[in-house]
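Peer 1: This structure is in structure tokens; I'll ask about it shortly.
No lab work stands behind these numbers, since they all come straight from the coordinates. Since we're looking at a predicted model, the values are computed, not measured. As a convention, Cβ positions derive from the backbone with ideal geometry for all residues, glycine included, and neighbour counts pool all protein chains shown.
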């Protein structure tokens, strides 16, 4: 009887840790799936981890990323918008639970950027303001966060490259956009390359910024550097293809 009771006590003591340990195992498997560009499989594993350990901001942020990465794989704009919105919902939950984590905060900016692609003009303008605010919030939390510099740099380049007519109507009808400059975009993207020189997307985006600033030789140098780097992530090859097309237009 005493032995049975001891076994029961031991089981009860160990059991609470089992779901947490299993969640960690699932997260490791999800990371491997993500590295293999298997976003759908990574999402399934992370959803299982979420069931075992609900309200874990790290798991929620990773789920948000998978939904965001899966946007491009959806068959139509409505499905793409739905996945982008789901990604934003999970990202917001992660921020609510851990608002001082710069990765969580930047996830909001990325999700708003994805949603903007499938939104009306008024909503695009509102999301554009949020993207800048969230990237700057992430940098306030971690000034050396390369991807936050990347997102903010890309924001500056895209807004600064809008035509005068587009800016005029955005201001007239929807309250306008914050000031942006190609110079600031280039500065931010250069910081991203310096902070994370192993990430090819920083160099490819910096090439686009130089091209927009009519500095073709600098653009070509950055594109050449990025194109020579090995592709590892889901979005690397599409980014390289865009760079090749931009390079062909310069030539």
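Peer 1: Return one number: the angle in degrees, 0 to 90 and rounded to the nearest 10, between the long axis of the Cα atoms of helix 2-14 and the longest principal axis of the Cα atoms of the chain.
Peer 2: Approximately 10 degrees, to the nearest ten.
Peer 1: Using 1/(1 + (r/R0)^6) with R0 = 22 angstrom and r between the beta carbons of residue 51 and residue 96, what's the FRET efficiency to the nearest 0.05?
Peer 2: Numbers: r = 19 Å, r/R0 = 0.87.
Using R0 = 22 Å, I get an efficiency of 0.70.
Peer 1: Now, a different point. Based solely on C-alpha atoms, express the radius of gyration and the Dmax of segment 50-174 in angstrom.
Peer 2: Rg and Dmax of segment 50-174, Cα atoms, are 15.1, 52 Å.
Peer 1: Also, quick follow-up: For segment 37-118, would you read off the P(r) tail past 16 Å as a percentage of all alpha carbon pairs?
Peer 2: So the pairs more than 16 Å apart make up 46 percent of the total in segment 37-118.
Peer 1: What is the angle, in °, between the Cα long axis of helix 121-141 and the longest principal axis of the Cα atoms in the chain? Nearest 10 is fine, range 0 to 90.
Peer 2: 70
Peer 1: A further question on this structure: Would you please state the base-10 log of I(q)/I(0) at q = 0.09, 0.14, 0.16 1/Å for the chain, with intensities from the Debye formula using one equal scatterer on every alpha carbon?
Peer 2: -0.46, -1.01, -1.28
Peer 1: Okay, next question. Give me the one-decimal nm value for the distance between modelled label points at residue 21 and residue 40, 7 Å along each residue's Cα-to-Cβ direction.
Peer 2: A separation of 3.3 nm, rounded to one decimal place.
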